1. Just to be sure I understand, how many residues within region 182-201 are surrounded by fewer than 23 Cβ atoms within 10 Å (Cβ to Cβ) and closer than 18 Å to Leu161 by Cα?
2. Would you check which residues across region 170-189 are closer than 14 Å to Leu217 by Cβ and not charged (D, E, K, R) and list them?
3. Mind checking which residues of region 139-160 are more than 16 Å from Tyr109 (Cβ to Cβ) and of a type in the set (A, V, I, L, M, F, W, C)?
4. Does any residue in region 160-180 that is under 15 Å from Lys191 (Cβ atoms) come within less than 7 Å, Cβ to Cβ, of a residue that is β-branched (Val, Ile, Thr) and surrounded by fewer than 19 Cβ atoms within 10 Å (Cβ to Cβ) six or more places away or on a different chain, and which pairs are these?
5. Looking only at region 33-72, count every residue that is more than 15 Å from Ile84 (Cβ to Cβ) and aromatic (Phe, Trp, Tyr) and tell me the total.
6. From Asp250, Asp196, which residue is among the charged types (D, E, K, R) and modelled with pLDDT under 90?
7. Looking for something surrounded by fewer than 21 Cβ atoms within 10 Å (Cβ to Cβ), assigned to a loop (DSSP other than H, G, I, E, B) and either on the phi > 0 side of the Ramachandran plot or polar (S, T, N, Q) (or both) - is there at least one such residue anywhere in region 27-43?
8. Kindly indicate which of Ala168, Ala174 is crowded, with 21+ Cβ neighbours inside 10 Å and either polar (S, T, N, Q) or over 30 Å from Asn66 (Cα atoms) (or both).
Amino acid sequence: MLLRFFFVLVINLLAISCSKDDGVIYKPIEKSDPYVLYKEGLEAFKKNDFFFANKKFSEAELNFENVELAAKSAIMSSFSLYGINFYDQALENLNRFLKTYPSDKNIIYAHYLISIIYFEQISDEKKDLEPLLKASEKIKFFLDKYPNTDYAIDLKFKKDLIQNQLAAKELFVAKYYVSTQKWVPAIKRLKVIVEDYDNTVFVEEALHRLVEIHYHLGLEEEAKKYANILGYNYNSGEWFKQSYKILNKDYDINKEKEKKLIKKKDQNLFDKIIEMIR
């Protein structure tokens, strides 16, 4: 009972001491004008001072009562972070934007910017594969969901570049397996290129390597199968000539080149004659 009385007494004394100044215990901080903050952020943004712009846009978002303007501040803050290559922070901000403002008109742009951030983090295909896969996944998502937007045109081009890099990665690994005579994993990697990346510039070499490996292993029918595919689609390419040489030992690639050179010279001569008689 005595302990309880002492506790109540201490509380009352604290309350009295805290209320000596005009009887105010807590004075709230005055709210900033979000329009002023946004204007300051925009001015910094135009000067490419993205660090300061991000700070002001973030403050504006917290002070805007209008949801649309708060969302606009958030997307500007995200782009400012992207502008200074703060990729992780920009992605975090964009993902928060998507959750906080799911109906905002800038949702499409947010998804586009996420795709661009992943794309710009792609490095050499011989190194980390994760950024390639993330970029590919996000771009595919965007193209499936927003195929008829202006942003889709740009991302379709980037998708083709990613496909080439993924194919290059597979080819690089396949060649490593060939160099260590690990034929089965090499064949698997090359088949991935043929089946999944058949529109890339690496499919011709992949088909040739399949001819080369199967012939080396004594599987001539399999070698001929891939040579036929290569010939049907790329019969004038250098890789087909290399494969043809494997299956036809008497075939002389250099003589074929000489024939082409002669034909080219004849054509040049023909063109000159035409000019003379005009």
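1. Residues meeting the conditions: 9.
2. Result: Tyr177, Val178, Gln181, Trp183, Val184, Pro185, Ala186, Ile187.
3. Passing the criteria: only Phe157.
4. These pairs meet every condition: Glu170/Val192.
5. 3
6. Numbers: Asp196 fails: modelled with pLDDT under 90.
Result of the check over Asp250, Asp196: Asp250.
7. Yes, there is a match, as at least one residue in region 27-43 is surrounded by fewer than 21 Cβ atoms within 10 Å (Cβ to Cβ), assigned to a loop (DSSP other than H, G, I, E, B) and either on the phi > 0 side of the Ramachandran plot or polar (S, T, N, Q) (or both).
8. Ala174
The values are calculated or read from the model by the stated rules, or taken from the named source; none is laboratory data. All values derive from a computational prediction rather than experimental measurement. Neighbour counts are summed over all protein chains in view; Cβ atoms, including those assigned to glycine, are modelled from backbone coordinates with ideal geometry.
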